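Here is the structure we will look at, set down as C-alpha coordinates.
The values are calculated or read from the model by the stated rules, or taken from the named source; none is laboratory data. These figures come from a predicted structure and were not determined experimentally. Note that each Cβ is placed from the backbone with ideal geometry, even for glycine, and that neighbours are counted across all protein chains shown. Please note that ligands, DNA and RNA were not included when accessible areas were found on the heavy atoms of the full protein model with its side chains. Shrake-Rupley method; radii C 1.70, N 1.55, O 1.52, S 1.80 Å.
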Amino acid sequence: GAGVSQTPSNKVTEKGKYVELRCDPISGHTALYWYRQSLGQGPEFLIYFQGTGAADDSGLPNDRFFAVRPEGSVSTLKIQRTERGDSAVYLCASSPGSGLTNTEAFFGQGTRLTVV
Amino acid sequence: AQKITQTQPGMFVQEKEAVTLDCTYDTSDQSYGLFWYKQPSSGEMIFLIYQGSYDEQNATEGRYSLNFQKARKSANLVISASQLGDSAMYFCAMRVYQKVTFGIGTKLQVIP
(Lines give C-alpha, C1' and ligand atoms only; values in the text may rest on other atoms or scores of the structure.)
Protein backbone atom coordinates (compact mmCIF):
# COMPACT_ATOMS: atom_id res chain seq x y z
CA GLY A 1 0.00 0.00 0.00
CA ALA A 2 0.93 3.63 -0.22
CA GLY A 3 0.71 4.47 3.47
CA VAL A 4 2.45 3.47 6.68
CA SER A 5 1.30 0.02 7.74
CA GLN A 6 1.40 -1.27 11.30
CA THR A 7 0.74 -4.82 12.43
CA PRO A 8 -0.97 -6.11 14.39
CA SER A 9 -3.68 -3.50 14.82
CA ASN A 10 -4.49 -4.91 18.24
CA LYS A 11 -2.42 -7.01 20.60
CA VAL A 12 -3.44 -8.40 23.97
CA THR A 13 -0.69 -9.99 26.01
CA GLU A 14 -0.15 -11.19 29.53
CA LYS A 15 2.03 -9.32 31.97
CA GLY A 16 5.62 -10.51 31.70
CA LYS A 17 5.40 -11.65 28.08
CA TYR A 18 7.46 -10.42 25.14
CA VAL A 19 5.83 -8.58 22.22
CA GLU A 20 6.92 -7.33 18.82
CA LEU A 21 5.19 -4.56 16.93
CA ARG A 22 5.89 -4.07 13.24
CA CYS A 23 5.95 -0.98 11.08
CA ASP A 24 6.18 -0.82 7.27
CA PRO A 25 6.98 2.79 6.32
CA ILE A 26 6.20 4.51 3.05
CA SER A 27 8.57 3.26 0.38
CA GLY A 28 11.63 5.48 0.08
CA HIS A 29 11.17 7.23 3.41
CA THR A 30 14.46 7.15 5.26
CA ALA A 31 13.20 8.54 8.57
CA LEU A 32 11.05 6.38 10.82
CA TYR A 33 9.61 7.24 14.21
CA TRP A 34 7.94 5.34 17.01
CA TYR A 35 5.57 7.08 19.37
CA ARG A 36 3.47 5.87 22.27
CA GLN A 37 0.08 7.41 22.95
CA SER A 38 -1.64 6.74 26.22
CA LEU A 39 -5.35 7.41 26.66
CA GLY A 40 -6.06 11.13 26.69
CA GLN A 41 -2.48 12.11 25.94
CA GLY A 42 -0.50 13.29 22.96
CA PRO A 43 1.97 11.03 21.19
CA GLU A 44 5.14 10.57 23.22
CA PHE A 45 8.39 10.21 21.27
CA LEU A 46 10.19 6.90 21.70
CA ILE A 47 12.82 6.53 19.00
CA TYR A 48 13.82 7.88 15.61
CA PHE A 49 15.68 6.02 12.86
CA GLN A 50 17.54 7.56 9.97
CA GLY A 51 18.15 4.65 7.65
CA THR A 52 19.22 1.62 9.64
CA GLY A 53 20.58 3.45 12.64
CA ALA A 54 18.75 4.78 15.68
CA ALA A 55 19.59 8.49 15.50
CA ASP A 56 17.75 9.29 18.71
CA ASP A 57 16.49 6.74 21.22
CA SER A 58 16.17 9.15 24.12
CA GLY A 59 12.44 8.49 24.45
CA LEU A 60 12.66 4.77 25.19
CA PRO A 61 11.42 4.54 28.79
CA ASN A 62 13.75 1.76 29.95
CA ASP A 63 15.83 -1.15 28.74
CA ARG A 64 12.77 -3.36 28.26
CA PHE A 65 12.10 -1.41 25.09
CA PHE A 66 14.19 -1.92 21.98
CA ALA A 67 13.68 -1.19 18.28
CA VAL A 68 15.46 -2.28 15.13
CA ARG A 69 15.42 -1.39 11.47
CA PRO A 70 17.99 -3.75 9.97
CA GLU A 71 17.50 -2.97 6.28
CA GLY A 72 16.41 0.63 6.55
CA SER A 73 12.76 -0.03 5.77
CA VAL A 74 10.63 -2.21 8.10
CA SER A 75 11.05 -1.57 11.81
CA THR A 76 10.16 -3.70 14.80
CA LEU A 77 9.55 -2.35 18.29
CA LYS A 78 10.26 -5.01 20.89
CA ILE A 79 9.03 -4.92 24.46
CA GLN A 80 10.32 -7.45 26.98
CA ARG A 81 8.66 -8.43 30.27
CA THR A 82 5.60 -6.34 29.49
CA GLU A 83 3.91 -4.44 32.29
CA ARG A 84 0.33 -3.15 32.55
CA GLY A 85 1.69 0.38 32.26
CA ASP A 86 2.91 -0.44 28.75
CA SER A 87 -0.70 -0.54 27.56
CA ALA A 88 -1.11 2.19 24.96
CA VAL A 89 -1.39 2.80 21.24
CA TYR A 90 2.01 2.56 19.57
CA LEU A 91 2.22 4.80 16.53
CA CYS A 92 4.75 4.58 13.75
CA ALA A 93 5.45 7.42 11.33
CA SER A 94 7.78 7.93 8.42
CA SER A 95 9.03 10.94 6.51
CA PRO A 96 11.36 11.59 3.58
CA GLY A 97 13.95 12.47 6.19
CA SER A 98 16.00 14.87 4.17
CA GLY A 99 16.78 16.93 7.23
CA LEU A 100 14.45 19.69 6.16
CA THR A 101 11.85 20.97 8.57
CA ASN A 102 9.03 21.37 6.10
CA THR A 103 8.05 17.73 5.74
CA GLU A 104 5.32 16.22 7.81
CA ALA A 105 5.49 12.74 9.18
CA PHE A 106 2.95 10.27 7.82
CA PHE A 107 1.42 8.11 10.51
CA GLY A 108 0.18 4.56 10.54
CA GLN A 109 -3.05 3.53 12.20
CA GLY A 110 -1.23 2.34 15.29
CA THR A 111 -1.07 -0.87 17.28
CA ARG A 112 -3.23 -0.95 20.40
CA LEU A 113 -1.32 -2.92 23.01
CA THR A 114 -3.17 -4.16 26.06
CA VAL A 115 -1.24 -5.88 28.83
CA VAL A 116 -3.48 -7.89 31.17
CA ALA B 1 14.77 20.44 25.13
CA GLN B 2 11.63 21.18 23.17
CA LYS B 3 8.22 21.68 24.71
CA ILE B 4 4.73 22.19 23.33
CA THR B 5 1.94 23.54 25.53
CA GLN B 6 -1.75 23.29 24.71
CA THR B 7 -3.79 24.77 27.54
CA GLN B 8 -7.30 24.06 26.29
CA PRO B 9 -8.32 20.48 27.11
CA GLY B 10 -11.66 20.95 25.39
CA MET B 11 -13.36 23.49 23.16
CA PHE B 12 -16.87 23.87 21.78
CA VAL B 13 -17.76 25.77 18.64
CA GLN B 14 -21.01 26.33 16.82
CA GLU B 15 -21.19 24.92 13.32
CA LYS B 16 -20.11 27.50 10.69
CA GLU B 17 -18.31 29.62 13.27
CA ALA B 18 -14.53 30.08 13.51
CA VAL B 19 -12.47 28.68 16.39
CA THR B 20 -8.90 29.22 17.59
CA LEU B 21 -6.91 26.44 19.24
CA ASP B 22 -3.96 27.67 21.26
CA CYS B 23 -0.39 26.40 21.13
CA THR B 24 2.80 27.76 22.62
CA TYR B 25 6.22 26.25 22.20
CA ASP B 26 9.67 26.45 23.66
CA THR B 27 12.96 25.73 21.98
CA SER B 28 16.42 27.25 21.89
CA ASP B 29 16.90 26.25 18.25
CA GLN B 30 16.49 28.88 15.57
CA SER B 31 15.36 26.46 12.89
CA TYR B 32 12.21 24.49 13.57
CA GLY B 33 8.87 23.55 12.09
CA LEU B 34 5.43 23.75 13.62
CA PHE B 35 2.61 21.42 12.70
CA TRP B 36 -0.98 20.75 13.52
CA TYR B 37 -2.48 17.29 13.33
CA LYS B 38 -6.07 16.14 13.65
CA GLN B 39 -6.93 12.85 15.31
CA PRO B 40 -10.54 11.72 14.85
CA SER B 41 -12.04 9.03 17.07
CA SER B 42 -10.82 6.45 14.56
CA GLY B 43 -7.29 7.15 15.75
CA GLU B 44 -5.35 8.11 12.65
CA MET B 45 -3.18 11.23 12.75
CA ILE B 46 -4.02 13.58 9.88
CA PHE B 47 -1.60 16.34 8.93
CA LEU B 48 -3.31 19.73 8.64
CA ILE B 49 -0.81 22.55 8.30
CA TYR B 50 2.87 23.46 8.60
CA GLN B 51 4.74 26.67 9.51
CA GLY B 52 8.49 27.04 9.25
CA SER B 53 10.34 29.18 11.76
CA TYR B 54 11.72 31.40 9.00
CA ASP B 55 8.42 31.78 7.16
CA GLU B 56 7.26 35.37 7.33
CA GLN B 57 3.73 34.70 6.15
CA ASN B 58 1.22 32.76 8.19
CA ALA B 59 0.48 29.37 6.68
CA THR B 60 -2.98 28.67 5.27
CA GLU B 61 -4.51 25.45 3.99
CA GLY B 62 -8.14 25.76 2.98
CA ARG B 63 -10.15 26.43 6.14
CA TYR B 64 -7.06 26.11 8.33
CA SER B 65 -4.67 28.92 9.10
CA LEU B 66 -1.81 29.10 11.53
CA ASN B 67 -1.42 32.33 13.49
CA PHE B 68 2.36 32.36 13.99
CA GLN B 69 3.72 34.87 16.49
CA LYS B 70 7.41 34.11 16.76
CA ALA B 71 8.27 36.59 19.49
CA ARG B 72 5.53 35.15 21.68
CA LYS B 73 6.39 31.59 20.62
CA SER B 74 2.82 30.85 19.73
CA ALA B 75 1.36 28.91 16.82
CA ASN B 76 -2.40 28.97 17.16
CA LEU B 77 -4.62 27.08 14.72
CA VAL B 78 -7.64 28.89 13.34
CA ILE B 79 -10.42 26.82 11.79
CA SER B 80 -12.92 28.88 9.84
CA ALA B 81 -16.49 27.85 9.05
CA SER B 82 -16.45 24.85 11.40
CA GLN B 83 -18.08 21.65 10.21
CA LEU B 84 -19.42 18.72 12.20
CA GLY B 85 -16.60 16.61 10.79
CA ASP B 86 -14.07 18.87 12.48
CA SER B 87 -14.93 17.29 15.84
CA ALA B 88 -11.71 15.56 16.88
CA MET B 89 -8.55 15.88 18.95
CA TYR B 90 -6.09 18.45 17.64
CA PHE B 91 -2.38 18.23 18.36
CA CYS B 92 0.22 20.92 17.96
CA ALA B 93 3.71 19.61 17.25
CA MET B 94 7.20 20.97 16.72
CA ARG B 95 10.03 19.49 14.73
CA VAL B 96 13.66 20.32 15.52
CA TYR B 97 15.92 18.50 13.09
CA GLN B 98 14.10 15.18 12.87
CA LYS B 99 12.63 15.02 16.36
CA VAL B 100 8.93 15.86 16.57
CA THR B 101 7.41 16.74 19.95
CA PHE B 102 3.65 16.83 20.47
CA GLY B 103 1.41 18.68 22.87
CA ILE B 104 -1.29 16.93 24.89
CA GLY B 105 -4.02 18.00 22.52
CA THR B 106 -7.30 19.89 22.51
CA LYS B 107 -10.62 18.13 22.03
CA LEU B 108 -12.82 20.15 19.70
CA GLN B 109 -16.53 19.53 19.54
CA VAL B 110 -18.62 21.21 16.86
CA ILE B 111 -22.22 21.79 17.86
CA PRO B 112 -24.96 21.71 15.19
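Yes/no per residue for (1) at positive phi; (2) away from chain A (no Cβ under 11 Å); (3) of a type outside the set (Asp, Glu); (4) in a strand (DSSP E or B):
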position: B:GLN8; (1), (2), (3), (4): no, yes, yes, no
position: B:VAL13; (1), (2), (3), (4): no, yes, yes, yes
position: B:PHE47; (1), (2), (3), (4): no, no, yes, yes
position: B:TYR54; (1), (2), (3), (4): no, no, yes, no
Self-check item: Failed condition for A:GLY59, given (1) within 14 Å of chain B (Cβ to nearest Cβ); (2) open to solvent by less than 20 Å² (accessible area, probe 1.4 Å); (3) under 17 Å from A:PRO8 (Cα atoms); (4) of a type outside the set (Phe, Trp, Tyr)
Solution: (3)
Exercise. Take the residues in the range B:15-45 that are away from chain A (no Cβ under 13 Å) and outside any strand (DSSP E or B), then tell me which one is nearest to A:PHE107 (Cα to Cα).
Key: B:ASP22
Quiz item: When you scan the range B:76-100, how many residues do you find that are open to solvent by 30 Å² or more (accessible area, probe 1.4 Å), among the aromatic types (Phe, Trp, Tyr) and within 20 Å of B:THR60 (Cβ to Cβ)?
Solution: 0
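Could you go through the range A:94-108 and let me know if any residue there is in a loop (DSSP other than H, G, I, E, B) and more than 21 Å from B:THR101 (Cβ to Cβ).
Restricting attention to the range A:94-108, the residues satisfying the condition of being in a loop (DSSP other than H, G, I, E, B) are A:96-105, A:108.
Remaining after also requiring more than 21 Å from B:THR101 (Cβ to Cβ): none.
Within the range A:94-108 (the criterion being in a loop (DSSP other than H, G, I, E, B) and more than 21 Å from B:THR101 (Cβ to Cβ)), the answer is no, since none of the residues qualifies.
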Quiz item: Checking A:ALA105 against (1) within 11 Å of chain B (Cβ to nearest Cβ); (2) surrounded by fewer than 21 Cβ atoms within 10 Å (Cβ to Cβ); (3) at pLDDT below 95; (4) under 25 Å from B:THR106 (Cβ atoms), which test does it fail?
Solution: (2)
Self-check item: From the options B:LYS73, B:LYS3, B:LYS38, residue that is of a type in the set (D, E, K, R), open to solvent by 10 Å² or more (accessible area, probe 1.4 Å), touching a residue at least 40 places away in the same chain (Cβ under 8 Å) and in contact with a Gly (Cβ under 9 Å, 6 or more places away or on another chain)
Solution: B:LYS3
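Is it fair to say A:GLN6 is in contact with a Ser or Thr (Cβ under 7 Å, 6 or more places away or on another chain) and crowded, with 20+ Cβ neighbours inside 10 Å?
yes
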Self-check item: Selection status of A:LEU100, within 14 Å of chain B (Cβ to nearest Cβ) and at pLDDT 95 or above
Solution: no
Exercise. Using the structure shown, decide if B:GLY105 is at the interface with chain A (Cβ under 9 Å from one of its Cβ atoms) and crowded, with 21+ Cβ neighbours inside 10 Å.
Key: yes
Quiz item: Can A:ARG22 be described as within 11 Å of another protein chain (Cβ to nearest Cβ), at pLDDT 95 or above, open to solvent by 80 Å² or more (accessible area, probe 1.4 Å) and part of a strand (DSSP E or B)?
Solution: no
Exercise. Restrict the check to the range B:82-96 and report whether at least one residue is part of a strand (DSSP E or B), in contact with an Asp or Glu (Cβ under 6 Å, 6 or more places away or on another chain) and either within 13 Å of another protein chain (Cβ to nearest Cβ) or closer than 21 Å to A:GLU44 by Cβ (or both).
Key: yes
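Every residue in the range A:25-45 that is open to solvent by less than 70 Å² (accessible area, probe 1.4 Å) and either without any contact (Cβ under 8 Å) to a residue 12 or more places away in the chain or assigned to a strand (DSSP E or B) (or both), please.
Answer for the range A:25-45, where residues must be open to solvent by less than 70 Å² (accessible area, probe 1.4 Å) and either without any contact (Cβ under 8 Å) to a residue 12 or more places away in the chain or assigned to a strand (DSSP E or B) (or both): A:ALA31, A:LEU32, A:TYR33, A:TRP34, A:TYR35, A:ARG36, A:GLN37, A:GLY40, A:GLY42, A:PHE45.
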